[in-house]
Amino acid sequence: MKAAVYYSNSDIRIEDVDDIAVSPGEIKVKVMACGVCGSDVMEWYRIKRAGRPGGIGAFGHECTGVIEEVGSGVDPKWKVGDRVVVTHHVPCNTCNACLRGHATACETLQKTKFKNAYGAFAEYVVLPAINVDRGCLHLPESVSFDEGTFVEPLGCVVRGQRFAPTSDGRSVLILGAGITGLLHLKAARLNGAGFIAVSNPSPDRLKIARTFGADATISAKEDVPERFKELNGGSGADTVIMTAPVPVCVKQSLDAVGRGGTVLFFAPTNPEIQSGINLWNLWQKEVTITHSYAADLHDLTTALTWIKYHRIDVTDMITHVFPLRDTVEGFQITARHKEGSLKAIVHPQE
């Protein structure tokens, strides 16, 4: 079969790779669409295994498709021809983290992937038995394959806002207006937030944020915390969501949060980066600092339901669709956005 093989963000080659055998309990999926995630273009991370099919873990994971083959012993609810949305990371459901409601901190979840490390920038993926059991959802006919690629990123947002609530009229500051920042904006509105402001260096992205319902936008070139307080009646944010993985946004998050507020560090900085924290200020203000990683089946199910019933529209976020041979173009658009560009999706069958 053909698969995209990563060498760098500007060098992704379509190569013939070995087909993947289907063992008992497994399912083979014909990939119809796969979104390019911001984590896919973290070159400092992915370059470590450049030249290997599948990159690190799963090279391409926001995917939908059609069941091509079902292994023996698979639950009969899964049949050849079924439309599905699948996830590469799944938990054990038995460890201490899982039992305490932190399934995405599970070691099993952080190690699982599609079989043979192939990601979904390929004609086919095979789901190991554990993924079939807890990482596969039926995709309704009313949801397109392209729309379904948002289940995973939106599921991550759903989870993040469970740890950092945006309900009950809370004021919200979102740092970053990429796909995750904009999904957080839409989710915060749905969840019942009050005043919502979005910060970003790009005037184009700020314009898009206003189109998607932000009450105010702030240029990242300004003093973001002070500007937010001016717009919010002098108060800091009840909830700050950092989706831009740069050190300055860590400081902005801590400076912008209000008394009794919550900071969600949704996007990680490079692991070598150390960020200073003034514990005295946070202590006096009773600030909660939290994080969220990935999504579990509950989060994914919620995301799919929101998309199915049009609670959150994702079609207005799809700006570029590429055939498999042009996967590198999707990476370029994602790594260095151009005016008007938002989400790039790859169609491996084209």
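At most 12 other Cβ atoms within 10 Å and a DSSP loop assignment: could you name the chymotrypsin sites (Phe, Trp or Tyr not before Pro) in the stretch 290-350 that fit?
TYR309
For the chain, what relative contact order do you get, as a whole percent, if you take Cα pairs closer than 8 Å and at least 6 residues apart?
Values: 791 pairs, mean separation 67.3, N = 350.
Relative contact order here is 19 percent.
If you wrap a convex hull around the alpha carbons of the stretch 165-291, what volume per residue comes out, as a whole number of Å³?
Numbers: hull volume 11.8 nm³, N = 127.
Residue-normalised Cα hull volume stands at 93 Å³.
As a proxy for reagent exposure, LEU206, LEU282 were ordered by neighbouring Cβ count within 10 angstrom, fewest first; the result is LEU282, LEU206. Dipole of the stretch 165-291 computed with +1 at Lys/Arg Cβ and -1 at Asp/Glu Cβ about the Cα centre; of MET242, SER167, ALA209, farthest Cα towards the positive end is ALA209.
With charges set only on the Cβ (+1 for Lys and Arg, -1 for Asp and Glu), what does the dipole of the chain come to about its Cα centre, in debye to the nearest 20? Don't jump to the answer; show the numbers that get you there.
Details: 36 positive and 39 negative charges, 121 e Å.
Result for the chain is approximately 580 debye, rounded to the nearest 20.
A straight line joining the Cα centroids of the stretch 300-332 and the stretch 169-190 runs 17 Å.
Using C-alpha pairs below 8 Å separated by at least 6 residues, the relative contact order for the stretch 165-291 is 22 percent. Take the Cβ atoms of HIS291 and LEU99, set R0 to 22 Å, and the FRET efficiency comes out at 0.70. Look at the dipole of the chain built from charges on Cβ: of ALA256, THR315, ASN96, the Cα furthest out on the positive end belongs to ALA256. Only one of the values [x] 31, 23, 19; [y] 35, 21, 19; [z] 45, 19, 18 was calculated from this structure for semi-axes √(5λ) of the Cα gyration tensor in Å; name its label. Among [x] 31, 23, 19; [y] 35, 21, 19; [z] 45, 19, 18, the one calculated here is [y]. Rounded to the nearest 20 debye, the dipole size of the stretch 165-291 about its Cα centre is 260 debye, using +1 on the Cβ of Lys and Arg and -1 on the Cβ of Asp and Glu.
Show the residues, 5+ positions off or on another chain, whose built amide H is closer than 5 Å to the amide H of ALA122. Close amide H contacts, sequence-distant or interchain: ALA4. Backbone amide hydrogens, once placed in the peptide plane, bring VAL321 within less than 5 Å of ILE345, excluding anything fewer than 5 places away on its chain.
Pick out, in residue order, every one of the GluC sites (Glu not before Pro) in the stretch 228-298 that is DSSP loop and has at most 11 other C-beta atoms within 10 Å; say none if there are none. Present the calculation step by step, with values, prior to reporting the outcome.
On the way: sites: GLU230, GLU272, GLU286; in loops: GLU272, GLU286.
Here the sparse-neighbourhood loop sites are GLU272, GLU286.
With all pairs of different C-alpha atoms in the average, the Kirkwood value for the hydrodynamic radius of the stretch 1-42 is 12.7 Å. Across the options VAL86, TYR6, PRO153, the greatest Cα extent toward the positive end of the charge dipole of the chain (unit charges at beta carbon of Lys, Arg, Asp, Glu) belongs to PRO153.
The ranking of GLU62, GLU107 by Cβ neighbour count inside 10 Å, starting from the fewest, reads GLU107, GLU62.
Which of the pairs LYS28/LYS113; LYS251/LYS338; LYS207/LYS308; LYS111/LYS308; LYS221/LYS251 have their Cα atoms more than 24 Å apart in this structure? The answer is LYS251/LYS338; LYS207/LYS308; LYS111/LYS308.
Quick one: what do you get for the stretch 221-350 if you divide its Cα Rg by 2.2 N^0.38 Å? Working shown, then result.
Working: Rg = 18.6 Å, N = 130, 2.2 N^0.38 = 14.0 Å.
Its radius of gyration relative to the 2.2 N^0.38 Å reference: 1.33.
Each of the trypsin sites (Lys or Arg not before Pro) that DSSP puts in a loop and that has at most 15 other Cβ atoms within 10 Å breaks the chain; the longest unbroken stretch is 101-220.
Bear in mind that the values in this text are calculations on the coordinates, not laboratory data. Keep in mind that this is a model prediction, so the values were computed, not measured. Because the Cβ atoms are built from the backbone with ideal geometry, glycine has one as well, and the counts that use them run over all protein chains shown.
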